[in-house]
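Note sheet for the following structure.
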Amino acid sequence: MAIVHNPILSGFNPDPSIVQVNGQYIIATSTFEWFPGIQLHRSFDLVNWELVARPLRRKSQLDLLGVGDSCGVWAPCLSYHEGVYYLIYSNVKNFAGVWKDTPNYLITTEDPFGDWSDPIFIDASGFDGSLFHDDDGRKWYLSLLLDHREGKLFGGIMQQEYDPVNQCLIGRRNLIFSGSEIGITEGPHLYKHNGYYYLMTAEGGTEYGHAVSIARSRNIEGPYLVHPENPIISSREVPSHPIQKAGHGDLFQTPEGDWLAVFLGGRPVAETQYCTLGRETFIKKIEWREGWPYAVNGPLPENTIEISGNAEKGSDTTMHTTRFEEEHWPVEFQTLRDLPSEDWISLRDRKSSLRLTGRESLSSLHRQSLLARRIQHFNVVCTTRLQFAPTHFQHMSGLICYYNTQHWHYLCWTANDLKHTRLEVLSCDQGKVSKRAKTDLGRTASHLSMRVRYDHLRIQFEFATEDGLWSKIGPTLEGHILSDDYVQHASGKYRAAFTGAFIGLCCQDLTGHGLPSYFDYFQYQGM
């Protein structure tokens, strides 16, 4: 037997959708406002996983400019049929106010790690779309139905046939499931097994009431009967459990015939409600009893599970240094809303350096110059070295711990009115920016090293000048403000917050003249 350790995808990797093709497992997860869109992880043993590609990497496939925080790419559904991979995704434009704007698209390919097609528009009536390939050759599209009337929002699960020849929905739209008593029904996936259609949904909201629910029907159009022990996966009844928010799952079968489910969850920092790593991907064994799927060992997520096989967990690489010497930066990096292009980000301008041209502010929903990676450990140290020549207080560059445009901590190299350079620690909480520290550097500094220690809920910035001696700057900062749990409720009013904490490099030139900053390397070390 092989031991699988949870989470199988650490850090911000929510809404997992999985396929198994010829012994190769591929998981797609949501990326929201980060570009390129949709993460694809691959495994051959369910124990060791590798981030291989992101299929939405062209502007024709994904336009994120102007989308709000935690909008963009939601809940991809990955499926495979007769040699073709299908990927449904939402590109949410707006989720504030009474009405939501949630167009859904389909792309296809024969090589999941190569190029994917340009998108086919499917529908905008809801989100969390998925595609089911029936054994009679017909294809069915499912999604949540948005219902704005009287503040309802969650209108049940709708279903409509998809015509792959004409690339559009056809026939009657059916409301096939209104949800169980848990409510807030979304994230549908459909399966066929032993003559029944099984509908898996996410219920309870993607917080501490989250759950994986199951219903079944002999007819694809329903009615669907709810599982006798619904939900089949959840932590909602055990608030002390170390893995919370369990929900939004997908079933699959191994070549050996075993059944499992992947699902999202969160790991709160001990004795708090803050999941600073965001929503991650977990796995659990499934067994069939009396015509229903049940989670082995009950609905609670487990730290480890046993599966068929003899794979061993490889050594996790907890230190990685990016030297910016290749044509492409490593796959773990993403940009914010804008696709990388030579006019603002380059590995070619200067040997062994990354050039970021200063653009819009950290409040912008359009063209920020920001390159970052997920935080995947509760205790990390990240280090960089940069060259920058600010001459104005509107020139800024440095190292950032980022959640969204309203929540971040920034070690910023800038200048004062005398053109003397200085370091500042800036924090943004609920959109309010405060200066937490400053240190004058004078006129002579040309290179500077920056480091951040992010230890559970504590963040400490440090810097070193040419002498190489590290000094702390500013107080210990509040890491919990970079969690979904804080952002969703900090103002006393619920806000959509579905991503996770990133650490990265950024540059702003608010004069509009594009002053560049050059970074020699970026080092990530998980402790």
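Filtered by the rule that a residue be open to solvent by 20 Å² or more (accessible area, probe 1.4 Å), assigned to a strand (DSSP E or B) and in contact (Cβ under 8 Å) with a residue 40 or more places away in the chain, region 453-474 gives Arg453, Asp455, Phe463, Gly474.
Within region 325-359, if we keep just the residues that are aromatic (Phe, Trp, Tyr) and not in a strand (DSSP E or B), the residue that is modelled with the lowest pLDDT turns out to be Trp329.
Scanning for something under 20 Å from the mean Cα position of the chain (by Cα) and within 30 Å of His456 (Cβ to Cβ), does region 349-362 turn up at least one residue? Scanning region 349-362 turns up at least one residue that is under 20 Å from the mean Cα position of the chain (by Cα) and within 30 Å of His456 (Cβ to Cβ).
Do we have Asp520 as in contact (Cβ under 8 Å) with a residue 60 or more places away in the chain and in a helix (DSSP H, G or I) here? So Asp520 does not fit the description; no. Checked against (1) out of contact with any Leu (no Cβ under 6 Å at 6 or more places or on another chain); (2) surrounded by 13 or more Cβ atoms within 10 Å (Cβ to Cβ), Met450 passes all but a single condition, namely (1). Taken over region 391-441, the residue count meeting the criterion of being over 30 Å from Arg495 (Cα atoms) and surrounded by 20 or more Cβ atoms within 10 Å (Cβ to Cβ) is 6.
Scanning region 112-125 turns up no residue that is free of Cβ contacts under 8 Å to residues at least 40 places away in the same chain, open to solvent by 40 Å² or more (accessible area, probe 1.4 Å) and within 28 Å of Arg218 (Cβ to Cβ).
Each residue in region 90-100 was checked for being touching a Phe, Trp or Tyr at 6+ places or on another chain (Cβ under 9 Å), farther than 14 Å from Val73 by Cβ and not in a loop (DSSP other than H, G, I, E, B), and 0 of them qualify. Is it true that Val212 is more than 25 Å from Leu264 (Cα to Cα) and either aliphatic (A, V, I, L, M) or modelled with pLDDT of 95 or more (or both)? In short, no. Among the residues making up region 241-274, those that are more than 25 Å from the chain's Cα centre (by Cα) and without any contact (Cβ under 8 Å) to a residue 60 or more places away in the chain are Glu256, Gly257, Asp258, Trp259. Can you find even one residue in region 301-313 that is of a type in the set (Lys, Arg) and over 21 Å from the mean Cα position of the chain (by Cα)? Taking every residue of region 301-313 in turn, at least one turns out to be of a type in the set (Lys, Arg) and over 21 Å from the mean Cα position of the chain (by Cα).
For (1) farther than 21 Å from Ile26 by Cβ; (2) under 22 Å from the mean Cα position of the chain (by Cα); (3) of a type in the set (Asp, Glu), each residue gets a yes or a no:
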{"position": "Thr102", "(1), (2), (3)": "yes, yes, no"}
{"position": "Asp128", "(1), (2), (3)": "no, yes, yes"}
{"position": "Asp134", "(1), (2), (3)": "yes, no, yes"}
{"position": "Arg149", "(1), (2), (3)": "yes, no, no"}
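Scanning region 151-205 for residues that are within 24 Å of Leu106 (Cα to Cα), part of a loop (DSSP other than H, G, I, E, B) and open to solvent by less than 20 Å² (accessible area, probe 1.4 Å) yields a single hit, Thr185. Considering each residue of region 286-297 in turn, at least one proves to be modelled with pLDDT of 95 or more and more than 24 Å from Tyr197 (Cβ to Cβ).
The values are calculated or read from the model by the stated rules, or taken from the named source; none is laboratory data. Because the structure is predicted, anything quoted here is derived from the model rather than measured. Counting neighbours? That spans all protein chains shown, and the Cβs are built from the backbone with ideal geometry, glycine included. Side chains are part of the model used for accessible areas, which takes the heavy atoms of the whole protein and leaves out ligands, DNA and RNA. Shrake-Rupley method; radii C 1.70, N 1.55, O 1.52, S 1.80 Å.
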